[in-house]
Amino acid sequence: MKEFDFGADAPRVDTSRLGELSELITEMQAREERVLQIEEELKTAKAELAEVQEQRGPELMDELRTKDFTTAGGLRVQVKEELKHSLGNDPANKARALQIMRQLKQGGSIRNVVMVEFSLQEDAKADELVTELRARGLLVSRDEMIHSSTLKSILKQLLKRGVQIPELKETFGAYWRRQLKVTRKG
């Protein structure tokens with residue numbers, strides 16, 4: 001087989017700077033590794049901070065029988081309680097949470113979302129009733145949701161009134177988080 005000679009049209013690579021490119025690649029890989037290391041350190045530091053804020057600090061304040069005091073240096077130290085929650089991504093869990101909200105007479109906070117896809121030429125059809133859309137064979141999806149801030153507010157109100165909420169932790173992912181807060185007074 002005969003080799004083909006591209007002659008003057010052959011692509012030319014400036015090999016004099018390949019060493020520089022190699023060094024740049026090595027530097028990039030080292031920096032990527034450093035970023036991963038810093039991210040891991042940050043994750044660890046956040047976990048350590050959470051342990052002090054959410055466990056050791058509030059426990060010590062309980063032992064001292066106080067929820068709020070000010071140091072001689074002017075720092076205000078408090079144990080704050082905050083309701084945390086998460087419905088997660090499981091559709092069955094979400095449906096159960098909405099069912100419980102209805103049982104607790106909080107169904108008015110649930111929003112129904114109906115989405116229908118139309119082409120640009122079908123603007124007039126968009127104004128028709130949703131029940132007619134399915135009969136016409138249009139793609140219709142329906143979803144129910146409750147805004148996170150609304151859910152949090154309702155759960156807080158119900159709990160403060162002493163209402164027993166079924167499956168509070170399992171379904172709503174709700175729990176009271178106690179956290180030590182330190183602020184400069186004044």
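The values are calculated or read from the model by the stated rules, or taken from the named source; none is laboratory data. All figures in this text were calculated on a predicted structure; none of them were measured in a lab. No Cβ is skipped: glycine too gets one built from the backbone with ideal geometry, and neighbour counts run over all protein chains shown.
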Tell me which of these T66 doesn't satisfy, since it passes every other one: (1) out of contact with any Leu (no Cβ under 8 Å at 6 or more places or on another chain); (2) outside any loop (DSSP other than H, G, I, E, B); (3) over 22 Å from L155 (Cβ atoms).
-> (2)
Any hit, the range 78-89, residues being under 26 Å from the mean Cα position of the chain (by Cα), in a helix (DSSP H, G or I) and either under 30 Å from L138 (Cβ atoms) or not aromatic (F, W, Y) (or both) | no
Of these, L75, L49, L104, which one is closer than 27 Å to S149 by Cβ and in contact (Cβ under 8 Å) with a residue 40 or more places away in the chain?
-> L104
Restricting to the range 57-80, what's the tally of residues that are loosely packed, with under 12 Cβ neighbours inside 10 Å and under 29 Å from I165 (Cβ atoms)?
-> 1
Filtering helices (runs of 4 or more DSSP H) wholly in the range 97-186 for at least 3 residues that are modelled with pLDDT under 90 gives 130-135
With (1) loosely packed, with under 11 Cβ neighbours inside 10 Å; (2) assigned to a helix (DSSP H, G or I) as the list, and K94 as the residue in question, which single condition is left unmet?
-> (1)
